[in-house]
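The values are calculated or read from the model by the stated rules, or taken from the named source; none is laboratory data. Predicted, not measured: the structure shown is a model, and the values here were computed from it. Cβ coordinates were reconstructed from backbone atoms using ideal geometry, including for glycine residues, and neighbour counts include every protein chain displayed.
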Amino acid sequence: MNYLNGKHILVGVTGGIAAYKSAELVRQLRLSGAVVRVVMTTAAAEFITPLTLQALSGNPVHTDLLDTAAEAAMGHIELARWADALLVAPATADFIARVAEGRANDLLAAVCLACDAPLAIAPAMNRVMWKKPATGENLAKLQAGNVRVLGPAEGLQACGETGPGRMLEPEELVAGLSGMFQTGVLAGRQVLVTAGPTREAIDPVRYLSNRSSGRMGFAVATAAAEAGAAVTLISGPVSLATPAGVRRIDVESAADMYAAVMQAVTVADIFVSVAAVADYRPALVAPQKLKKESAESSLDLIRNPDILAAVAALPDAPFTAGFAAETEAVETNAQNKRLAKGVDMIAANRVGAGQGFDSKENALHVFWEAGEQVLPVTGKGKLARQLLDLIAEQFQNSCHQGKVIKFNAKDSA
Ligand code: PMT
């Protein structure tokens with residue numbers, strides 16, 4: 001399965017003869033649907049021109065840490081934040097040593113140090129350099145820090161010798177990188193996610209709604225599927241494609257969403273409520289289009305059911321994670337919401353002009369009974385994966401603290 005569609009992939013190119021294969025790597029990543037940016041070292045630019053990689057990636061190539069114009073446009077911190085994953089191919093022995101030491105003495109090394117997204121390297125070097133203990137120690141250090149080492153392959157080398165040290169072929173690197181998104185932390189689990197707004201009818205052509213685009217909820221559903229779960233996504237009206245491998249149920253109103261959730265939740269191990277459900281709906285839905293007969297008009301509203309609270313109150317409730325959309329006192333309000341709704345976890349986001357709703361990036365402050373974590377601003381895809389890791393961790397803890405019997409019962413149902 002291809003997990004690269006829509007992912008932001010930062011390709012790092014260092015100075016080795018295998019740099020010529022980076023052109024094909026970038027081309028194949030784009031064919032997989034990834035959005036690609038390239039960072040090159042000065043030595044890499046001796047082997048392949050930035051212009052080639054710019055044309056193939058469709059984006060400007062970044063080379064210099066001290067280029068003030070480039071830093072102002074998209075500096076090393078923005079590049080690091082932008083990336084869903086970083087792949088350095090080829091990675092020379094010198095570059096591996098610098099990253100293992102935590103150096104930041106050129107743009108690529110600085111991005112690697114500043115990036116909290118998964119990092120993979122594709123070593124490429126002479127077979128003797130590959131076998132040197134120093135190289136082995138540097139690699140072991142990187143692997144201990146969760147850096148994925150892809151390759152190298154064995155075979156004829158550019159120097160005429162034969163042995164290990166050849167960079168993997170581009171298609172092998174693409175497959176290896178795609179596999180990094182498949183974490184398996186929720187393998188065998190059923191995850192139910194709500195997303196998007198609801199629409200509350202006023203008459204046959206008008207409704208009350210909000211600015212939710214569905215992006216955050218769809219990103220959570222995608223991340224849950226990548227984590228190995230069977231995912232059901234219940235979505236309000238949005239214009240987004242269904243994530244690969246996800247079962248989608250479309251609804252319109254809060255009442256529709258409530259009914260769909262209550263039906264699907266019976267087999268869920270985890271419920272993540274990302275939808276911006278309307279709290280109120282018109283008390284009466286006019287059967288015909290309302291006429292503008294008077295200068296002023298008013299609408300009587302009644303409360304909608306609270307779907308998240310209703311799920312959390314079920315005798316056989318799954319692990320429940322809600323969102324809190326707040327414009328002020330974010331942390332206090334979120335904690336109060338977690339307690340009031342009786343949920344296991346709440347992810348608070350500040351919303352307002354350009355924030356939270358209908359934006360591509362977001363930031364979360366996640367609270368659970370025994371802890372909290374800040375997930376700084378980044379793309380909603382990456383943020384959703386970070387949130388899913390926290391949910392998986394707390395879900396496992398709750399299983400160990402006694403809910404395990406309930407989950408086993410569902411497993412065997
Ligand atoms: O869709 P996007 O454009 O990507 O925007 C994402 C988002 C801002 C909508 C998302 O990050 C978010 O904050 N979702 C929750 C929005 C919301 O309704 O928050 P709330 O604080 O009003 O509700 C708290 C929780 O209760 C939420 O988990 C909500 O899904 C749930 N709820 C609320 C009301 C209701 N009647 N039923 C519910 O289940």
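Exactly one residue out of Pro237, Pro152 is of a type outside the set (Gly, Ala, Ser), out of contact with any Cys (no Cβ under 7 Å at 6 or more places or on another chain) and over 30 Å from Val13 (Cβ atoms), and it is Pro237.
Of all the criteria given as (1) loosely packed, with under 15 Cβ neighbours inside 10 Å; (2) assigned by TED's automatic domain parsing to the domain that holds Ala392, the one not satisfied by Ala195 is (1).
Within region 166-183, the residues that satisfy the criterion of being touching a residue at least 60 places away in the same chain (Cβ under 8 Å) and either assigned to a helix (DSSP H, G or I) or within 21 Å of Asp84 (Cα to Cα) (or both) are Pro170, Glu171, Leu173, Val174, Leu177, Ser178, Gly179, Met180, Phe181, Gln182, Thr183.
Here is a check on your reading of the model: is Glu171 among the charged types (D, E, K, R), within 19 Å of Tyr3 (Cα to Cα) and out of contact with any His (no Cβ under 8 Å at 6 or more places or on another chain)? Spelling it out, Glu171 is indeed among the charged types (D, E, K, R), within 19 Å of Tyr3 (Cα to Cα) and out of contact with any His (no Cβ under 8 Å at 6 or more places or on another chain). Do the conditions hold for Thr232, that is, is it among the hydroxyl-bearing types (Ser, Thr, Tyr), within 16 Å of the ligand (Cβ to nearest atom), under 19 Å from the mean Cα position of the chain (by Cα) and under 23 Å from Ala117 (Cα atoms)? Taking the combined requirement at face value, the residue does not satisfy it.
Annotation: of all residues in region 317-333 being within 10 Å of the ligand (Cβ to nearest atom) and in a strand (DSSP E or B), the one that is farthest from the chain's Cα centre (by Cα) is Glu326. Selection of region 364-384 for residues being closer than 23 Å to Val35 by Cα and in a strand (DSSP E or B) yields Leu375, Pro376, Val377, Thr378, Gly379. Before we move on, is Leu240 of a type in the set (A, V, I, L, M), surrounded by 24 or more Cβ atoms within 10 Å (Cβ to Cβ) and in contact with a helix residue (DSSP H, G or I) (Cβ under 9 Å, 6 or more places away or on another chain)? For Leu240, the condition - of a type in the set (A, V, I, L, M), surrounded by 24 or more Cβ atoms within 10 Å (Cβ to Cβ) and in contact with a helix residue (DSSP H, G or I) (Cβ under 9 Å, 6 or more places away or on another chain) - is not met.
Scanning region 230-245 for residues that are more than 22 Å from Thr378 (Cβ to Cβ) and aliphatic (A, V, I, L, M) yields Ala230, Ile234. Remark: pairs (first residue in region 212-230, more than 8 Å from Val191 (Cβ to Cβ) and among the charged types (D, E, K, R); second residue near the ligand (Cβ under 6 Å from one of its atoms) and not in a helix (DSSP H, G or I); Cβ separation under 8 Å; 6+ apart in sequence or on different chains) = Arg215/Asp358. Picking from residues in region 247-290 that are within 16 Å of the ligand (Cβ to nearest atom) and among the β-branched types (Val, Ile, Thr), the one that is surrounded by the most Cβ atoms within 10 Å (Cβ to Cβ) is Val272.
For region 309-344, name all the residues that are in contact with a His (Cβ under 8 Å, 6 or more places away or on another chain) and surrounded by 23 or more Cβ atoms within 10 Å (Cβ to Cβ). Residue satisfying the conditions is Ala334 alone. The residues of region 291-313 that are within 13 Å of the ligand (Cβ to nearest atom) and not in a helix (DSSP H, G or I), listed by number, are Leu301, Ile302, Arg303, Asn304, Pro305, Asp306, Ala313.
The single condition among (1) crowded, with 18+ Cβ neighbours inside 10 Å; (2) out of contact with any Cys (no Cβ under 6 Å at 6 or more places or on another chain) that Ala80 does not meet is (2).
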